[in-house]
Amino acid sequence: MTQEQKEYLASLEEIEVLCVDYDAPYVYRKNGEPAGMLVSMLNDFAEDAGVSMKYTFCQNRDEAEQKLKEKKYDLMLGLSFSSEYCAQIGFVRSKSIIDSNLAYLHRSENNSHEKVAIEKGMENLADTTEFREIVKCDNVMQCMEAVTEGKADYAIGDRSSLEYYMYDTYSTLVTSLISGGT
């Protein structure tokens with residue numbers, strides 16, 4: 001860090017982080033406490049920088065967008081978003097610190113390609129032209145539930161998140177990689 005960045009951090013008491021739940025393995029709540037790979041990294045950074053992190057969790061994208069209007073958050077985690085989406089809500093999207101790929105999730109016995117479930121804000125990140133209907137969901141869990149309940153034939157999402165929840169709760173579903181990264 002530059003000296004200017006160090007001085008700025010020293011002037012802060014805490015860094016306000018807005019999180020949207022159900023984005024494991026990156027950010028989620030475990031026993032009511034912030035958890036996940038990004039939370040671990042931020043906590044390590046905060047310890048080294050001598051600041052504390054304050055995590056505020058939302059249940060979905062709409063709630064997060066309302067909270068962002070308060071303009072009191074320094075960082076946000078757990079939203080799938082493009083640079084275009086960030087510009088719309090007045091945030092700057094940083095370079096990703098964890099590489100990830102998009103993946104399809106589906107039932108192995110399903111041959112239909114009628115409907116696809118995708119997180120709101122990710123519509124422009126994946127080609128959905130082969131599907132007749134797009135079901136927009138607040139998070140990966142809702143996308144998976146849409147497939148499980150037959151409301152969608154496929155789900156598109158972050159591969160790590162899909163696989164985390166799939167192995168945690170939806171073991172009969174399968175994933176296949178979509179080329180390209182997020």
For region 9-71, calculate the relative contact order in percent as a whole number, restricting contacts to Cα pairs under 8 Å that are 6 or more residues apart. 42
Using the C-alpha gyration tensor of region 1-147, what are the square roots of 5 times its eigenvalues, in whole angstrom, with the largest one first? 33, 16, 14
Under a 5 Å amide H to amide H cut-off, with H placed in plane at 1.01 Å, what residues pair with residue 178 once short-range neighbours are removed? 102, 103, 104
Pop out the carbon and sulfur fraction of the accessible area of the chain as a percent, whole number, probe 1.4 Å. 45
Heavy-atom accessible area of residue 159 with all protein chains present, probe 1.4 Å, nearest 10 Å²? 90
Using only DSSP helix segments of four residues or longer, with each worth -39500 (n - 2.57), what per-residue ellipticity at 222 nm results for the chain after dividing by its residue count and rounding to 500? -9000 deg cm²/dmol
Please report the Cα spread of region 111-182 along all three principal axes, rounded to whole Å, starting with the longest. 30, 26, 23
Quick one: compute the contact order of the chain, relative version, from alpha carbon pairs under 8 angstrom and 6+ residues apart, as a percent. 23
Which residue, 15, 118, 156, has the most motion in a Gaussian network model of the chain that connects Cα atoms within less than 10 Å? 15
Please list, or write none, the lysines whose alpha carbon is within less than 25 Å of the alpha carbon of residue 71, excluding same-chain residues fewer than 8 places away. 6, 54, 95, 120
Taking amide H positions as placed 1.01 Å from N in the peptide plane, with prolines and chain starts having none, which residues 5 or more places from residue 76, or on another chain, fall under 5 Å of its amide H? 18
Under the Karplus curve 6.51 cos²θ - 1.76 cosθ + 1.60, θ = phi - 60°, whole-Hz ³J(HN,Hα) for region 125-137, x wherever Gly or Pro sits: 8, 9, 7, 10, 5, 7, 9, 7, 9, 10, 9, 8, 10
Table column - 3J(HN,Hα) (Hz), region 59-69, Karplus curve with 6.51, -1.76, 1.60, x for Gly and Pro: 7, 7, 4, 4, 5, 5, 4, 5, 5, 5, 5
Give me a comma-separated list of calculated 3J(HN,Hα) values for region 146-153, in order, Karplus coefficients 6.51, -1.76, 1.60 applied at θ = phi - 60°, integers in Hz, x for any Gly or Pro. 4, 5, 4, 8, x, 7, 8, 8
GNM flexibility winner over the chain from 162, 42, 77 (Cα, springs under 10 Å): 42
Using a 1.4 Å probe and ignoring any ligands, DNA or RNA, find the accessible area of residue 54 and quote it in Å² to the nearest 10. 80
Non-local residues with an amide H under 5 Å from the amide H of residue 57, with H modelled 1.01 Å from N and Pro and chain starts lacking one, are 19
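Out of all DSSP beta bridges with both ends in the chain, state the antiparallel percent to the nearest 5.
Working: 15 of 33 bridges.
If I count the DSSP bridges inside the chain, around 45 percent turn out antiparallel.
The values are calculated or read from the model by the stated rules, or taken from the named source; none is laboratory data. Here the structure is a predicted model, which is why all the values come from computation and not from measurement. Just so you know, the surface numbers come from the protein's heavy atoms only, side chains and all, with ligands and any DNA or RNA stripped out. Shrake-Rupley method; radii C 1.70, N 1.55, O 1.52, S 1.80 Å.
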